[in-house]
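Chemist: Below is one structure. I have some questions about it.
The values are calculated or read from the model by the stated rules, or taken from the named source; none is laboratory data. Predicted model, so just to flag it, every value in this text is computed and none were measured. Glycine also receives a Cβ, built like all others from the backbone with ideal geometry; neighbour counts cover every protein chain displayed.
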Amino acid sequence: MRNWLIIYDIQDNKRLSKVAKVMKDYGIRVQNSVFEAIAEYKDIQCLREKIKTILKDDDSVVYFDICNKDWNKQKKFGCGDNTIYKYKNFEIY
């Protein structure tokens, strides 16, 4: 499994909702347009294909593949639930 940070900027609210709905099947929303996912590369490729059918030219999605060493360095601050991975386990087959 690999660590992914996925960020997006979608210009239309209808497309934005569609992208967020697809993303929820692959990871956990950590901010409005930011998801974290723990998945294999092939699963992220599948996600990319699904997202690509929704996007228009003025939209963007960026996928960061982050190594375990750097992933474990993250520090989260604020009111959000920082323990979410302790309770949710996403395994994509």
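Chemist: Is it the case, given these coordinates, that Asn68 is buried (at least 16 other Cβ atoms within 10 Å of the Cβ) and among the polar types (S, T, N, Q)?
Modeler: Details: buried (at least 16 other Cβ atoms within 10 Å of the Cβ): no; among the polar types (S, T, N, Q): yes.
No.
Chemist: Let me ask something additional. Looking at the range 68-83, is at least one residue in contact with a helix residue (DSSP H, G or I) (Cβ under 9 Å, 6 or more places away or on another chain) and at pLDDT 95 or above?
Modeler: Of the range 68-83, the ones in contact with a helix residue (DSSP H, G or I) (Cβ under 9 Å, 6 or more places away or on another chain) are 81.
Of the ones still in play, those that are also at pLDDT 95 or above are none.
No: zero hits.
Chemist: Going by the conditions given, is Ala20 out of contact with any Pro (no Cβ under 6 Å at 6 or more places or on another chain), assigned to a strand (DSSP E or B), small (Gly, Ala, Ser) and surrounded by 12 or more Cβ atoms within 10 Å (Cβ to Cβ)? Quick ask: steps written out before the conclusion?
Modeler: On the way: out of contact with any Pro (no Cβ under 6 Å at 6 or more places or on another chain): yes; assigned to a strand (DSSP E or B): no; small (Gly, Ala, Ser): yes; surrounded by 12 or more Cβ atoms within 10 Å (Cβ to Cβ): yes.
Against the criterion (out of contact with any Pro (no Cβ under 6 Å at 6 or more places or on another chain), assigned to a strand (DSSP E or B), small (Gly, Ala, Ser) and surrounded by 12 or more Cβ atoms within 10 Å (Cβ to Cβ)), Ala20 does not qualify.
Chemist: Follow-up question, since we're still on this one. Name the pairs whose Cβ atoms lie under 6 Å apart, with the first residue in the range 31-57 and closer than 20 Å to Asn72 by Cα and free of Cβ contacts under 8 Å to residues at least 60 places away in the same chain, the second part of a loop (DSSP other than H, G, I, E, B) and among the aromatic types (Phe, Trp, Tyr), and 6 or more positions between them or separate chains?
Modeler: From the range 31-57, the pairs are Ala37/Tyr26.
Chemist: What number goes with the only condition from (1) at pLDDT 95 or above; (2) loosely packed, with under 12 Cβ neighbours inside 10 Å that Lys86 does not pass?
Modeler: Of (1) at pLDDT 95 or above; (2) loosely packed, with under 12 Cβ neighbours inside 10 Å, only one is false for Lys86: (1).
Chemist: Another one. Being over 14 Å from the mean Cα position of the chain (by Cα), at pLDDT 95 or above and exposed (fewer than 10 other Cβ atoms within 10 Å of the Cβ): is that true of Lys56 here? Lay out the reasoning, then the answer.
Modeler: Details: over 14 Å from the mean Cα position of the chain (by Cα): yes; at pLDDT 95 or above: yes; exposed (fewer than 10 other Cβ atoms within 10 Å of the Cβ): yes.
Yes, satisfied.
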